[in-house]
1. Determine which single condition residue 125 fails, assuming it passes every other condition in (1) assigned to a strand (DSSP E or B); (2) of a type outside the set (Lys, Arg); (3) within 22 Å of residue 31 (Cα to Cα); (4) modelled with pLDDT of 95 or more.
2. Find the residue count for the stretch 74-112, including only residues that are surrounded by fewer than 18 Cβ atoms within 10 Å (Cβ to Cβ) and part of a strand (DSSP E or B).
3. Which members of the stretch 159-199 meet the condition of being assigned to a strand (DSSP E or B) and of a type in the set (Gly, Ala, Ser)?
4. Which residue pairs have Cβ atoms closer than 6 Å, lie 6 or more positions apart in sequence or on different chains, and pair a first residue in the stretch 97-119 that is farther than 30 Å from residue 46 by Cα with a second residue that is in a loop (DSSP other than H, G, I, E, B) and of a type in the set (S, T, N, Q)?
5. Looking for something surrounded by fewer than 14 Cβ atoms within 10 Å (Cβ to Cβ), part of a loop (DSSP other than H, G, I, E, B) and of a type in the set (Val, Ile, Thr) - is there at least one such residue anywhere in the stretch 132-149?
6. State all residues of the stretch 1-23 that are assigned to a helix (DSSP H, G or I), free of Cβ contacts under 8 Å to residues at least 60 places away in the same chain and over 24 Å from residue 135 (Cβ atoms); if no residue qualifies, say none.
7. Which residues, taken from the stretch 4-42, are in contact with a Pro (Cβ under 7 Å, 6 or more places away or on another chain) and aromatic (Phe, Trp, Tyr)?
8. Are any residues in the stretch 44-60 part of a loop (DSSP other than H, G, I, E, B) and surrounded by fewer than 14 Cβ atoms within 10 Å (Cβ to Cβ), and if so, which ones?
Amino acid sequence: MITYATLTQFRARLGLPAGDDETDARLLVALRQATAQIDRFTARRFAPVVQTRRYAFHDPRSLRLDLDLLELLAITNGDGQAIPPEAALLLPEGDGPRHAILLQPTAGVWFVPGENVAAAIAVRGIWGTHDAWSEAWRASGEALAATLDAETGQIAVSDADGPDAAGVAPRFQAGQLLRLDDEYLHVTAVDATTDMLSIIRGVRGTTAASHTAGALLEVYLPPEDVTALCLRWAAWLYQQADAAIGAGADWLYPPDLPDDLRRLAAPLRYVRVA
């Protein structure tokens with residue numbers, strides 16, 4: 001699974017030397033546990049996932065969503081017909097997550113129940129929570145040097161630890177989510193000596209595909225406050241002498257969660273509006 005902070009960021013948080021990899025396995029487990037616990041505590045997901053969700057028919061013009069929607073890809077009506085995405089107004093307007101779909105009166109289309117009223121409307125989209133979705137992906141400064149097939153689990157780059165488009169180095173870090181065309185990839189390891197990335201293909205609901213030379217590699221940037229929370233949460237988990245990191249430390253959550261972490265996470269919690 002991806003994490004809301006990277007191994008490089010976590011080493012810096014703990015003051016560990018960049019080349020000290022003896023505790024990497026334990027650090028990664030702490031980051032994964034922190035990420036999972038943040039998701040459960042907030043009832044949200046702060047990394048995008050491509051998914052089709054089905055909704056009951058209630059109103060011919062509006063549809064309320066049970067998860068944060070970042071981008072609408074397609075709507076299939078209760079009668080099996082597609083509704084053009086441009087006919088839909090996503091609410092609330094802005095660059096953050098959306099919680100409802102309103103069909104434009106001038107579009108001439110309506111939601112219909114079909115035979116299965118309880119799961120009539122299929123919404124395919126990119127789901128997740130981000131306060132600035134249009135800025136959530138940053139250019140890594142790297143592009144594919146050659147065609148990449150759908151099975152390859154490694155990518156050769158020209159400079160794995162060089163700065164990205166914003167001057168941040170290293171540009172690639174273990175734990176990152178990358179975007180290559182419409183495919184999401186999870187970085188599991190970075191070899192700066194050979195400039196090779198080890199990746200898991202087709203993650204977060206996407207499909208591994210072939211990509212042509214020149215396709216750009218983009219890096220997902222979680223919300224900054226979520227990254228900061230993940231680092232602090234993971235540091236707390238890591239420093240628990242009896243936490244048995246990697247062997248079922250969930251007993252620490254939520255009863256023993258420190259008050260400062262609760263205060264930081266509370267504003268991020270999903271609040272359902274009646």
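1. (3)
2. Residues flagged as surrounded by fewer than 18 Cβ atoms within 10 Å (Cβ to Cβ) and part of a strand (DSSP E or B) within the stretch 74-112 amount to 8.
3. Matches in the stretch 159-199: 189, 198.
4. Hits for this filter: 112/77.
5. Within the stretch 132-149, one or more residues are surrounded by fewer than 14 Cβ atoms within 10 Å (Cβ to Cβ), part of a loop (DSSP other than H, G, I, E, B) and of a type in the set (Val, Ile, Thr).
6. Passing the criteria: only 11.
7. Result: 4, 41.
8. Correct list: 58, 59, 60.
The values are calculated or read from the model by the stated rules, or taken from the named source; none is laboratory data. Because the structure is a prediction, the values reported are computed rather than measured. Using ideal geometry, Cβ is built from the backbone for each residue, glycine included, and neighbour counts are taken over all protein chains shown.
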